[in-house]
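Below: the structure, in structure tokens.
The values are calculated or read from the model by the stated rules, or taken from the named source; none is laboratory data. Quick caveat: nothing in here was measured; it's all calculated off a predicted structure. FYI the Cβ positions are ideal-geometry reconstructions off the backbone, even for glycines, and counts take in every protein chain you see. The accessibility values were calculated without ligands, DNA or RNA, using every heavy atom of the protein model including side chains. Shrake-Rupley method; radii C 1.70, N 1.55, O 1.52, S 1.80 Å.
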Amino acid sequence: MKAENRQITLEKVPSGALNETDFRMRSGPMPEPSNGEALVKTLYMSLDAANRAWMQGPSYRDAVVGGDVMPTFALGRVVESNDASVPVGSVVETEGFWSDYFLAEPDNVKIVPDVAPLSHRISVLGIAGKTAYFGLLNIGRPKANETLVVSAAAGSVGNLVGQIGKLKGCRVVGIAGGPEKCAWLVEELGFDAAIDYKSGNLFKDLKAACPNGIDIYFDNVGGQTLETVLFQMNLYGRIVCCGAISQYDTDSATGPRNLPGLLVVKRLRMEGFIALDFPEQEAEAEIELRAWVEAGKLRVVEDIVNGLENAPKALIGLLNGENRGKRMVRVAGD
């Protein structure tokens with residue numbers, strides 16, 4: 001009897017906060033690759049706030065609608081191939097699905113080194129690491145002695161942004177939820193200061209931590225936090241718009257009320273991006289990120305959840321700030 005393929009579908013687009021009942025596990029026949037396709041066994045799936053944002057409508061990709069198998073950035077191993085450019089046994093990164101197996105076309109996959117730990121291809125050498133690297137260096141353009149503020153600083157991208165900022169000579173201040181995360185950022189990752197946004201004193205605490213103002217703000221949350229930071233930006237400051245996690249899980253999204261006035265008065269530059277915007281620099285980014293890790297200059301923090309069936313709960317936990325570092329799901333062993 002042929003093996004079955006488990007898949008998790010989004011049963012309905014949620015109204016308000018995401019719930020486990022919005023998803024359903026199904027089993028179906030094993031996909032069969034046609035000419036020019038490869039069958040990929042999922043090893044790891046990336047969990048990101050963007051997974052929730054895709055349910056809100058079209059963006060840089062098509063919207064996820066009810067009945068769709070949940071898409072994801074995935075790392076997998078080719079188990080069957082009808083294209084010589086993607087041989088059986090290759091480890092590939094590509095857009096996949098919340099499933100045990102999926103079909104991929106060679107033009108949409110990247111063969112990567114089969115080097116342990118493969119989880120690094122999802123974290124520091126994958127979408128999280130490249131988002132931090134390109135966002136900070138290409139958009140933020142840090143200079144030594146500048147003040148860099150990072151929101152969602154204990155998350156998959158934020159913790160790397162802060163560490164890279166320190167490598168570039170910045171004074172780094174993180175914004176995170178809870179005193180434990182804030183202490184961890186300073187004591188373990190080397191941030192200069194960390195602010196607990198849950199304390200209810202964000203403006204005052206930010207002012208105390210950044211007495212000379214803010215030169216770069218790496219924004220992962222949007223909403224009220226972005227509004228608060230804008231008032232404390234220095235002239236010619238840069239705002240890197242990476243995400244808006246505070247706005248994804250609600251039907252009443254809000255934005256900063258002080259635009260465009262403060263952008264004009266302070267001559268600020270505010271720019272959004274995604275990691276896929278810089279394909280010509282990917283190889284260079286991987287080399288530098290790997291070198292920093294190997295030299296002990298960049299700490300890799302991974303939050304690995306085991307089992308495909310746990311993906312919905314793990315995504316909801318991520319949206320609620322449960323994770324430290326890069327959250328991913330291990331679907332099958334390396």
Legend entry - Residue check, A84 touching a residue at least 12 places away in the same chain (Cβ under 8 Å), open to solvent by 50 Å² or more (accessible area, probe 1.4 Å), farther than 16 Å from R327 by Cα and in a loop (DSSP other than H, G, I, E, B): no
Inset, instruction - Consider A291 carefully, then state whether it is exposed (fewer than 14 other Cβ atoms within 10 Å of the Cβ) and aliphatic (A, V, I, L, M). - result: yes
Inset, instruction - Kindly provide the set of residues from the stretch 275-334 that are β-branched (V, I, T) and either under 21 Å from G96 (Cβ atoms) or part of a loop (DSSP other than H, G, I, E, B) (or both), ordered by number. - result: V300, V301, I304, V305, I316, V329, V331
Legend entry - Failed item, numbered, when T225 is tested on (1) surrounded by 15 or more Cβ atoms within 10 Å (Cβ to Cβ); (2) modelled with pLDDT of 95 or more: (2)
Legend entry - Verdict on A183 being out of contact with any Phe, Trp or Tyr (no Cβ under 7 Å at 6 or more places or on another chain) and without any contact (Cβ under 8 Å) to a residue 24 or more places away in the chain: yes
Inset, instruction - Would you be able to say whether some residue in the stretch 301-313 is surrounded by fewer than 18 Cβ atoms within 10 Å (Cβ to Cβ), under 30 Å from I214 (Cα atoms), in contact (Cβ under 8 Å) with a residue 12 or more places away in the chain and of a type outside the set (A, V, I, L, M)? - result: no
Legend entry - Criterion violated by F203 - all others in (1) open to solvent by 20 Å² or more (accessible area, probe 1.4 Å); (2) aromatic (F, W, Y); (3) in contact with a Leu (Cβ under 7 Å, 6 or more places away or on another chain) satisfied: (3)
Inset, instruction - All but one of (1) in contact with a helix residue (DSSP H, G or I) (Cβ under 8 Å, 6 or more places away or on another chain); (2) surrounded by fewer than 24 Cβ atoms within 10 Å (Cβ to Cβ); (3) modelled with pLDDT under 95 hold for N220, so report the exception by its number. - result: (2)
Legend entry - Single residue of P58, P29 found to be loosely packed, with under 13 Cβ neighbours inside 10 Å and more than 26 Å from E4 (Cβ to Cβ): P58
Inset, instruction - Six or more apart or on different chains, Cβ under 8 Å: which pairs go from a residue in the stretch 135-160 that's in contact (Cβ under 8 Å) with a residue 12 or more places away in the chain and under 24 Å from H120 (Cβ atoms) to one that's in a loop (DSSP other than H, G, I, E, B) and among the acidic types (D, E)? Could you list them? - result: S156/D48
Inset, instruction - Within the stretch 14-31, count every residue that is touching a residue at least 24 places away in the same chain (Cβ under 8 Å) and in contact with an Asp or Glu (Cβ under 8 Å, 6 or more places away or on another chain). - result: 11
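Here's the yes/no breakdown for (1) of a type outside the set (V, I, T); (2) touching a Gly at 6+ places or on another chain (Cβ under 7 Å); (3) in a loop (DSSP other than H, G, I, E, B):
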site: G16; (1), (2), (3): yes, no, yes
site: P33; (1), (2), (3): yes, no, yes
site: V40; (1), (2), (3): no, yes, no
site: L43; (1), (2), (3): yes, yes, no
site: Y60; (1), (2), (3): yes, no, yes
Inset, instruction - Consider only pairs whose beta carbons are under 6 Å apart and that are at least six residues apart or on different chains; among these, list those whose first residue lies in the stretch 35-59 and is at positive phi and whose second residue is among the aliphatic types (A, V, I, L, M). - result: G57/A63
Legend entry - Breaking point among (1) within 14 Å of A275 (Cα to Cα); (2) in contact with a helix residue (DSSP H, G or I) (Cβ under 9 Å, 6 or more places away or on another chain), for I139: (2)
Inset, instruction - Scan (1) in contact with a Leu (Cβ under 9 Å, 6 or more places away or on another chain); (2) outside any strand (DSSP E or B); (3) buried (at least 23 other Cβ atoms within 10 Å of the Cβ) for the single condition G237 breaks and write down its number. - result: (2)
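Does V173 satisfy the condition of being of a type outside the set (S, T, N, Q), open to solvent by less than 10 Å² (accessible area, probe 1.4 Å) and under 16 Å from the mean Cα position of the chain (by Cα)?
Values: of a type outside the set (S, T, N, Q): yes; open to solvent by less than 10 Å² (accessible area, probe 1.4 Å): yes; under 16 Å from the mean Cα position of the chain (by Cα): no.
It is false that V173 is of a type outside the set (S, T, N, Q), open to solvent by less than 10 Å² (accessible area, probe 1.4 Å) and under 16 Å from the mean Cα position of the chain (by Cα).
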